Amino acid sequence: PYDPSSPHPGITAQRLDTLARLAQGESGVVLATARGLLQRLPRPERLRRGVLELSVGSEYDPGALMERLVFMGYERLPEVETVGQFARRGGILDVYASGLADPLRLEFDGDTLVSLRRFDASTQRSLEQLPTARVLPRYEVVIEPGEAAAVGERLRAARDEAPRPDGEGEAPPGD
């Protein structure tokens, strides 16, 4: 996440999936390049908190779920087309989760998740019912809701202290 060049989203998803599994206590063999080993990563407990576990029959506030998706790096659109997007229409919440080949359709009755299935984004047809699903953060940088204001302030301060391309002093507020 601190490397200026971002890897392909598919590679990021694979890394996040592996890191999330390790953070959950799964064991296995991990092959990595020397460069990959030197990259900074979120702490396991932070990554563990950043993973959204969904289960049919469980209670979720759809509004809070959408807010959490935003903090996980997802973008709200009228319809999902690609990874990193979510959409809500009535009691249905579609999420195109990082690392998945197909988006998820969550159907709610009030706050109860009554149906969870994979669907084809182009035809909108259901492919498979699922009892559970795991939604990974979209990026390796995990910001929790309570940190958002502080992170925004640090970013504004960094922008204000950065030299302007035209060589003039500080950037004016809102620039």
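The values are calculated or read from the model by the stated rules, or taken from the named source; none is laboratory data. These numbers come from a predicted model, not from an experiment. Reconstructed Cβ throughout: ideal geometry from the backbone, glycine too, with neighbour counts over all protein chains shown. Just so you know, the surface numbers come from the protein's heavy atoms only, side chains and all, with ligands and any DNA or RNA stripped out. Shrake-Rupley method; radii C 1.70, N 1.55, O 1.52, S 1.80 Å.
For the residues Gln39, Gln124, Gln24, a GNM of the chain with alpha-carbon springs under 10 Å puts the largest fluctuation on Gln39.
Across region 55-175, how large is the tail of the calculated P(r) beyond 18 Å, expressed as a percent of all Cα pairs?
Result: 59 percent of Cα pairs exceed 18 Å.
Can you give the FRET efficiency for Asp160 and Arg46, using 1/(1 + (r/R0)^6), R0 = 22 Å, r = Cβ-Cβ distance, to the nearest 0.05? E between Asp160 and Arg46, to the nearest 0.05, is 0.20. Springs between Cα atoms under 10 Å define the GNM used for the chain, and in it the highest mean-square fluctuation of Ala148, Ala101, Ala23 occurs at Ala148.
Residues considered: Ala87, Ala20, Ala157. Largest GNM mean-square fluctuation over the chain, using C-alpha springs under 10 Å, is found at Ala157. For trypsin sites (Lys or Arg not before Pro), the sites in region 92-156 that DSSP calls loop and that have at most 14 other Cβ atoms within 10 Å are Arg125.
Measuring r between the beta carbons of Leu22 and Leu77 and using R0 = 30 Å, the FRET efficiency lands at 0.40. Taking the accessible area of region 1-118, probe 1.4 Å, and keeping the other protein chains in place, the carbon and sulfur fraction comes to 53%.
Here the simple spin-label model places points 7 Å from the Cα toward Cβ, and for Met66 and Val151 these points are separated by 2.0 nm. Of the trypsin sites (Lys or Arg not before Pro) found in region 1-103, those in coil by DSSP whose Cβ has at most 10 other Cβ atoms within 10 Å are Arg40.
When you restrict to C-alpha pairs under 8 Å that are six or more residues apart and normalise by the size of the chain, the relative contact order lands at 22 percent. Relative intensity of region 1-129 on a log10 scale, I(q)/I(0) at q = 0.11, 0.22 Å⁻¹, equals -0.45, -1.40, per a Debye sum over C-alpha point scatterers of equal strength in the absence of solvent. Relative to the dominant Cα principal axis of the chain, helix 148-161 is inclined by about 30°. Excluding ligands, DNA and RNA, the accessible surface per residue across the chain is 62 Å² with a 1.4 Å probe.
Within the chain, what's the longest run with no GluC sites (Glu not before Pro) in a DSSP loop and at most 15 other beta-carbon atoms within 10 Å? Give the range, please. That would be 82-167. To the nearest ten degrees, helix 9-23 and the longest principal axis of the Cα atoms of the chain are 80 degrees apart.
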